[in-house]
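Visitor: Dropping a structure here in structure tokens format, bear with me for questions.
The values are calculated or read from the model by the stated rules, or taken from the named source; none is laboratory data. Treat the numbers as computed from the prediction; the structure is a model and nothing was measured. Note that each Cβ is placed from the backbone with ideal geometry, even for glycine, and that neighbours are counted across all protein chains shown. These area figures cover heavy atoms from the full protein model, side chains too; ligands, DNA and RNA do not enter into them. Shrake-Rupley method; radii C 1.70, N 1.55, O 1.52, S 1.80 Å.
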Amino acid sequence: MEQADSALLVEDIRKSFGNLEVLKGVSLSAQKGDVITLIGASGSGKSTLLRCINLLEVPDSGRIFLGNEEMKLTRNRAGMSIPADRRQVDRIRSRLGMVFQSFNLWTHMTILQNVMEAPVHVLKKPRKEAEAQAMALLEKVGIAEKASIYPAHLSGGQQQRAAIARALAMDPAVMLFDEPTSALDPELVGEVLRVIRQLAEEGRTMILVTHEMGFAREVSSEVVFLHEGRVEERGTPAHIFEAPHSERCQKFLAAHL
Ligand code: ADP
Ligand code: MG
């Protein structure tokens, strides 16, 4: 099943919260350099799927491989699905970069400290090296001059670019973006999309949840339309945006384009 350049494989993931079955058997496969965009109505399970990939939620069943490494799940005495190996969870999370709608920067640290934190404390990089790398990443996302400032003094677009730099500092195998521009004022959306587009062009593997359909069309290798916890339709941007078969997908796009 696995191939040499498989970055992420998600097989038949199911997840319920109580009686509510949110993911009803979802599969994804990203080769290195792929950008997979998840679209779908609010509540269709997009965030839950991303959260299952980095084990912020534990899937009830199904398999997840990052590269060739399978995430080991087991069951506790109550029959609940749990990670079998905490150290594996930490290791795998350190290889996944997550960017949330709400930025989630550490408010008591400067932008530079935010970006250096994981390389210094998780990867045990020397501070000087981590600082040079962090400055290069802040340069890359266009906010090097904000390095010594606290997040509260930055615009939403700048905070989100800092959050992207922080995720990149771990050089993740896969970046997960959950509606990275949804909390931004419209005039700030472009500067964040530009950074994400640059990452796509550089060949970063990404799973991206977005309502920016024009952007999805430009950057995606595959677009996946989720409806009530199932993949209702999937395909190339040309297929999804020009000739979707599913009526639900057509309606969704008509409302969002
Ligand atoms: P989307 O990101 O597509 O809007 P979500 O994955 O956030 O959808 O949510 C899918 C469904 O799962 C929603 O009905 C939501 O209320 C429910 N849900 C998500 N997380 C939880 C949770 N931790 N506990 C209970 N219900 C949840
Ligand atoms: Mg969501």
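Visitor: Please tell me if LEU208 is without any contact (Cβ under 8 Å) to a residue 60 or more places away in the chain and open to solvent by less than 30 Å² (accessible area, probe 1.4 Å). Let's see the steps before the verdict.
Guide: Details: without any contact (Cβ under 8 Å) to a residue 60 or more places away in the chain: no; open to solvent by less than 30 Å² (accessible area, probe 1.4 Å): yes.
Judged against the criteria, LEU208 is not a match.
Visitor: Tell me which residues, restricted to region 91-116, are open to solvent by 50 Å² or more (accessible area, probe 1.4 Å) and closer than 15 Å to ASP171 by Cα. Outline the logic, then answer.
Guide: Let us first name the residues in region 91-116 that are open to solvent by 50 Å² or more (accessible area, probe 1.4 Å), namely 91, 93, 95, 100-102, 104, 106-108, 113.
Matches in region 91-116: ARG91, ARG93, ARG95.
Visitor: Looking at region 65-83, which of its residues are assigned to a loop (DSSP other than H, G, I, E, B) and either closer than 24 Å to ASP5 by Cα or open to solvent by 60 Å² or more (accessible area, probe 1.4 Å) (or both)? Lay out the reasoning, then the answer.
Guide: Taking region 65-83 and keeping what is assigned to a loop (DSSP other than H, G, I, E, B), we get 67-68, 71-72, 76-80.
Once the filter is applied, which keeps residues that are assigned to a loop (DSSP other than H, G, I, E, B) and either closer than 24 Å to ASP5 by Cα or open to solvent by 60 Å² or more (accessible area, probe 1.4 Å) (or both), region 65-83 yields GLY67, ASN68, MET71, LYS72, ARG77, ALA78, MET80.
Visitor: Still on this model: Based on this model, can you work out whether GLY33 counts as touching a residue at least 12 places away in the same chain (Cβ under 8 Å), farther than 30 Å from LYS124 by Cα and of a type in the set (Gly, Ala, Ser)?
Guide: Numbers: touching a residue at least 12 places away in the same chain (Cβ under 8 Å): yes; farther than 30 Å from LYS124 by Cα: no; of a type in the set (Gly, Ala, Ser): yes.
No: the conditions fail for GLY33.
Residue-by-condition table, conditions (1) closer than 20 Å to ASN68 by Cα; (2) in contact with a Pro (Cβ under 6 Å, 6 or more places away or on another chain):
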residue	(1), (2)
GLY97	yes, yes
GLN101	no, no
PRO126	no, no
ALA130	no, yes
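Visitor: Given the criterion aliphatic (A, V, I, L, M), open to solvent by less than 30 Å² (accessible area, probe 1.4 Å) and not in a loop (DSSP other than H, G, I, E, B), identify the matching residue among LEU55, LEU50.
Guide: Working: LEU55 fails: not in a loop (DSSP other than H, G, I, E, B).
Checking each option against the conditions leaves just LEU50.
Visitor: Further, regarding this structure: Quick one: what pairs do we get from region 217-237, first residue more than 20 Å from GLN198 (Cα to Cα) and without any contact (Cβ under 8 Å) to a residue 40 or more places away in the chain, second within 13 Å of ligand 1 (Cβ to nearest atom) and not in a loop (DSSP other than H, G, I, E, B), C-beta under 6 Å, 6+ apart or different chains?
Guide: GLU233/PHE225; ARG234/VAL224
Visitor: Where in region 169-233 are there strands (runs of 3 or more DSSP E), lying fully within it, with 1 or more residues that are within 13 Å of ligand 1 (Cβ to nearest atom) and closer than 19 Å to LEU257 by Cβ?
Guide: Values: elements: 174-178, 206-209, 222-227.
The qualifying strands (runs of 3 or more DSSP E) are 206-209, 222-227.
Visitor: In region 213-257, how many are open to solvent by 40 Å² or more (accessible area, probe 1.4 Å), in contact with a helix residue (DSSP H, G or I) (Cβ under 7 Å, 6 or more places away or on another chain) and closer than 25 Å to ASP12 by Cβ?
Guide: 2
Visitor: Determine if region 247-256 includes at least one residue that is assigned to a strand (DSSP E or B) and either of a type outside the set (Ser, Thr, Tyr) or touching a Lys or Arg at 6+ places or on another chain (Cβ under 8 Å) (or both).
Guide: Of the residues in region 247-256, the ones assigned to a strand (DSSP E or B) are none.
Checked against the condition, which is being assigned to a strand (DSSP E or B) and either of a type outside the set (Ser, Thr, Tyr) or touching a Lys or Arg at 6+ places or on another chain (Cβ under 8 Å) (or both), region 247-256 yields no hits at all.
Visitor: Search region 117-159 for residues being among the β-branched types (Val, Ile, Thr) and over 27 Å from ARG197 (Cβ atoms), and hand back the single one that is nearest to the chain's Cα centre (by Cα). Walk me through it before giving the result.
Guide: The initial filter retains those residues of region 117-159 that are among the β-branched types (Val, Ile, Thr), namely 120, 122, 141, 143, 149.
Now restrict to residues that are over 27 Å from ARG197 (Cβ atoms): 120, 122.
Details: VAL120: 23, VAL122: 20 Å.
The extreme case among them is VAL122.
Visitor: When region 117-129 is examined, which residues are found to be of a type in the set (Lys, Arg) and either open to solvent by less than 80 Å² (accessible area, probe 1.4 Å) or within 16 Å of ligand 2 (Cβ to nearest atom) (or both)?
Guide: The initial filter retains those residues of region 117-129 that are of a type in the set (Lys, Arg), namely 124-125, 127-128.
LYS125, the sole residue that qualifies.
Visitor: What pairs come up if the first residue lies in region 89-102 and is within 29 Å of LEU184 (Cβ to Cβ), the second is surrounded by 18 or more Cβ atoms within 10 Å (Cβ to Cβ) and polar (S, T, N, Q), and their beta carbons are under 7 Å apart, counting only those six or more places apart or on different chains?
Guide: What qualifies is ARG93/ASN54; LEU96/ASN54; MET98/ASN54.
Visitor: Could we say that ALA163 is crowded, with 16+ Cβ neighbours inside 10 Å, in a helix (DSSP H, G or I), touching a Ser or Thr at 6+ places or on another chain (Cβ under 6 Å) and not basic (Lys, Arg) here?
Guide: Working: crowded, with 16+ Cβ neighbours inside 10 Å: yes; in a helix (DSSP H, G or I): yes; touching a Ser or Thr at 6+ places or on another chain (Cβ under 6 Å): no; not basic (Lys, Arg): yes.
Considered against the rule, which asks whether it is crowded, with 16+ Cβ neighbours inside 10 Å, in a helix (DSSP H, G or I), touching a Ser or Thr at 6+ places or on another chain (Cβ under 6 Å) and not basic (Lys, Arg), ALA163 comes out as no.
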